[in-house]
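Chemist: Got a structure for you, written out below as structure tokens; questions coming shortly.
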Amino acid sequence: MTNAERRAPTASYRLQLQPGFGFAEAAAAVPYLAGLGVSHLHLSPVLQAVPGSRHGYDVVDHERISAELGGEAGLRALAERARAHDLGLLADIVPNHMAAPTPLHLNRTLWRALREGPESPAAAWFDIDWAAQDGRVLLPVLGERIGAVLADGGFRLAANEGPDGDETVLRYGPHAFPLRPGTETLPLPELLRRQFYRPAWWRLGGTELNYRRFFTVNELIAVRVERPEVFEATHALLLRLYAEGVLDGFRVDHPDGLADPRGYLRRLREATGGAHVVVEKILTGQETLPDDWPCAGTTGYDALRQIDGVLTDGDGVVRGLRPAAATAVAAALRGRSELVRPQGELDAEVARLVREVQAACGDDLARTDHPAWAIRAAVAGLLARFPRYRPYPVPGEPLPDADVAALRAEPDEGLLPAPHAGTAALLKQLLLAADSPASLRARFSQTCAAVAAKGVEDTAFYRNHPLLSLNEVGGDPAHPGVSPQEFHAYCARIARDWPTTMTALSTHDTKRSADARARLAVLAELPQEWLAERDAWSALAPGGGLPQDRAAEDLVFQTALAAWPIDGERLAAVALKSVREAKLHTSWTDPDPAYEDAVRALALSIPADPALAARITAFADRIAPHARVNTLGAALLQLTMPGAPDLYQGSEFPLYTLVDPDNRGVVAFPEESGPTGLAAEKASLTRTALRLRADLDPKAGYAPWPTPGPHALAFLRGDAALTVVTRLPHGLARSGGWRDATLTLPEGSWTETLSGRTGFTGTVALAELLDPLPVALLARE
């Protein structure tokens, strides 16, 4: 199939493939999904991953389609069924990393690299600093120090194992390691010293690891996809399936981890002849996607922030919940700084950058007399203070102007006090110079991305949360809310520059699904009532809630409300993950059992205590009409704004899921009996809007449409479709409803497609148009 025969998605549906929901189950759902009105199925990674993987981002073999999902035959059968229903397939590519699995021989390439050392062609695949650790790869997998493991007899040799079952390997519990040829008969201590790897106590990973990983996950080792031979080897199968018409486009996972995202996308475009590609680029604040990236756009977190923002009362957040912007900024800086401090979770990455800086200085006398501690402080300070996810250096080219400004924004004296500020100036000079070592500039950028993701979204967002719905991937809680004018400007720019970008509301990575956030957004409109209600819940909770940590208590209560009604075990799992990510009183690496027991007890008590559960139910019922307005409004905005909407599995109905793995379960698609209530409304809205969108030119223009007052938002797509949604519904109800407010329609006669009413012309009363639904989608008759 040629690119000319393919069409860009008008809408896609994300399926989270996993054991229990593979290609066969996806194929069974095809008729339903085709009837829903999407043009493409969006598949999570399809390559062979670690056995039992529920997400697929831990790839172990680029030459095989996942056997657990159904293998290549199953994928082809799915594609054939999809094609019969006029659906295409988008597949998730994971170019940044592979799994370092247990046992290691599941990843045959990594096994070869560890067996054969730095001269092996396999070693070139992985981003390993062979100059560190005496030329060995640190493997932080031991439960205790290696001396204790040796003393306990924890290591043993085992014959006839390895990838092909014909090697003698070193075993430690469930782990198996290759042996360097010729070392099999050495005494165990000497054998360990002679390997190209170093089994080590797991606590050494944060400070001494010498391979790049995905964020702080030791089990995911970075791949050097910038090398042509690695790109070809890791992409050959997916490119063949694309060329044969099995796949129709790609989502690129975590491009911020790549040494040169633009170069990667150019190579992918060249290899596919121009496939439809979207990238999981997280844009910060006013940042926009680089216009020289050859792709269709992002995976939609920027659209998510705009939709959520325009439906959130930002003034109410600021006035009532008082999340001072300075507090949010300080929390983010603190979260970033903790990661890169000595003994922080990214200490090893900072140490590697220090070595890179020292190597770049070499024997240049003009760059001497900069002590390692000062270089480290400058590197850590600049990583913590970089205002976006990362800069985008290209070998041999000057940095983009925005990256230059970002690097220069922090005064040298702000990174290091005099007389050592010159070290900070040297670091900036190296990062800004086009002729500096490409590895230094790339690795600094890649580490920036890890610091941003882990320091802000996975640390600060769990600490500072006056309104949890603001703390989403790509969110900016320091600036709550988006004005209608800002929303319209964003949509106009997307329509002009990225008309086929992906838009999203819920994904496998959102911390709360769209409908959970829609419910929480109501709190911004009644902040004083919410704070009083929360205090009442605390008083009713056994033990008075969580008196030792009221901030965590607030997070647990907001989480419970977002997904209410919720099972206690489910809430407890999310609560424990949240406080571990916050890293204030407990953490993944150093848990505090007494504190965690208290958090778990609170979570379990919330749905179990009759008085407390009844009070929460009453409040959830109280705000339900307003949450309904937000749910339907967000759905219609996503389905009709510029870009191609990506529906997360199950989100055509009300979906109240929380952070992974809560949001990655197997979806049960509906049987014959239809839904009722809000579920029926959202499903019908989704089908109707998708049918209209399928007939809409993806490049149709966008124009704001004037509305009376702050509670209605409207826009026109081309001259064929007019979207009208209600915003800030509690405030609208408090002011007496629409009363005599009217909306002047574009010239001609219009059908309100959600209700089937026809003959709308001229000026229409909003009370009539937005009833019984609080949204309207008008099509020209």
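Matching residues to (1) of a type in the set (S, T, N, Q); (2) farther than 20 Å from Leu220 by Cβ; (3) modelled with pLDDT of 95 or more:
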| site | (1), (2), (3) |
| --- | --- |
| Leu104 | no, no, yes |
| Asn107 | yes, no, yes |
| Phe126 | no, no, yes |
| Trp130 | no, no, yes |
| Ala151 | no, yes, yes |
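Chemist: I'm checking my understanding of the structure. Among residues of segment 592-603 that are within 12 Å of Gly543 (Cβ to Cβ) and of a type outside the set (Gly, Ala, Ser), which one is surrounded by the fewest Cβ atoms within 10 Å (Cβ to Cβ)?
Modeler: In this case the residue turns out to be Asp597.
Chemist: Kindly list, by first and then second residue, each pair from a residue in segment 748-774 that is modelled with pLDDT of 95 or more to a residue that is acidic (Asp, Glu) and surrounded by 13 or more Cβ atoms within 10 Å (Cβ to Cβ), limited to pairs with Cβ atoms under 8 Å and residues at least 6 apart or on different chains.
Modeler: Thr758/Glu752; Phe760/Glu752; Leu769/Glu752; Leu773/Glu681
Chemist: Tell me the residue from Leu311, Leu289 that is of a type outside the set (Val, Ile, Thr) and more than 19 Å from Ala634 (Cα to Cα), please.
Modeler: The match here is Leu289.
Chemist: Filter segment 403-425 down to residues that are under 20 Å from Thr288 (Cβ atoms), surrounded by 15 or more Cβ atoms within 10 Å (Cβ to Cβ) and of a type in the set (Gly, Ala, Ser), then give me how many there are.
Modeler: 1
Chemist: Kindly indicate whether Gly274 is closer than 20 Å to Glu457 by Cα and either at pLDDT 95 or above or in a helix (DSSP H, G or I) (or both).
Modeler: When the stated conditions are applied, Gly274 does not pass them.
Chemist: Same structure again: What number of residues within segment 582-632 are of a type in the set (S, T, N, Q) and under 18 Å from Leu678 (Cβ atoms)?
Modeler: Qualifying residue count, segment 582-632: 3.
Chemist: Against the condition more than 20 Å from Ala624 (Cβ to Cβ) and assigned to a loop (DSSP other than H, G, I, E, B), how does Pro675 come out, does it pass? So that I can check it myself, show each step before the final result.
Modeler: Details: more than 20 Å from Ala624 (Cβ to Cβ): no; assigned to a loop (DSSP other than H, G, I, E, B): yes.
For Pro675, the condition - more than 20 Å from Ala624 (Cβ to Cβ) and assigned to a loop (DSSP other than H, G, I, E, B) - is not met.
This table checks each residue for (1) assigned to a loop (DSSP other than H, G, I, E, B); (2) touching a His at 6+ places or on another chain (Cβ under 8 Å).
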{"site": "Pro45", "(1), (2)": "yes, yes"}
{"site": "Gly52", "(1), (2)": "yes, no"}
{"site": "Glu63", "(1), (2)": "no, no"}
{"site": "Glu68", "(1), (2)": "yes, no"}
{"site": "Glu72", "(1), (2)": "no, no"}
{"site": "Leu78", "(1), (2)": "no, no"}
{"site": "Leu110", "(1), (2)": "no, no"}
{"site": "Pro118", "(1), (2)": "yes, no"}
{"site": "Ala122", "(1), (2)": "no, no"}
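Chemist: Scan segment 528-540 and give yes if some residue there is under 20 Å from Ala618 (Cβ atoms) and under 22 Å from the mean Cα position of the chain (by Cα), otherwise no.
Modeler: Here is the first cut: in segment 528-540, the residues under 20 Å from Ala618 (Cβ atoms) are 528-540.
If we keep only those that are under 22 Å from the mean Cα position of the chain (by Cα) as well, we get none.
The answer is no, given that none of the residues of segment 528-540 is under 20 Å from Ala618 (Cβ atoms) and under 22 Å from the mean Cα position of the chain (by Cα).
Chemist: Now a separate question. Thr284 is checked against (1) among the β-branched types (Val, Ile, Thr); (2) part of a helix (DSSP H, G or I); (3) modelled with pLDDT under 95 and fails just one. What number does that condition carry?
Modeler: Checking Thr284 against (1) among the β-branched types (Val, Ile, Thr); (2) part of a helix (DSSP H, G or I); (3) modelled with pLDDT under 95, the one that fails is (2).
Chemist: Separate question: Give the residue that is modelled with the lowest pLDDT, with candidates limited to residues of segment 669-707 that are among the charged types (D, E, K, R), over 20 Å from Ala492 (Cβ atoms) and out of contact with any Pro (no Cβ under 7 Å at 6 or more places or on another chain).
Modeler: Only one residue fits best here, namely Glu672.
Chemist: Looking at segment 151-162, I want the residues that are acidic (Asp, Glu) and have a partner that is surrounded by 12 or more Cβ atoms within 10 Å (Cβ to Cβ) and in a helix (DSSP H, G or I) with Cβ atoms under 9 Å, at least 6 apart or on another chain. Which pairs are those?
Modeler: Glu161/His105
Chemist: State which residue pairs qualify: first residue under 15 Å from Ser605 (Cα atoms) and inside segment 545-560, second residue modelled with pLDDT of 95 or more and of a type in the set (D, E, K, R) in any location, beta carbons under 7 Å apart, and separation of 6 or more residues or different chains.
Modeler: Gly545/Glu553; Leu546/Glu553; Asp554/Arg534; Phe557/Arg534
Chemist: Conditions: (1) charged (D, E, K, R); (2) surrounded by fewer than 24 Cβ atoms within 10 Å (Cβ to Cβ); (3) under 19 Å from Leu283 (Cα atoms). Glu529 meets all but one. Number of the miss?
Modeler: (3)
The values are calculated or read from the model by the stated rules, or taken from the named source; none is laboratory data. These numbers were taken from a predicted model, which means no experiment stands behind them. Cβ: placed from backbone, ideal geometry, glycine included. Neighbour counts: every protein chain shown.
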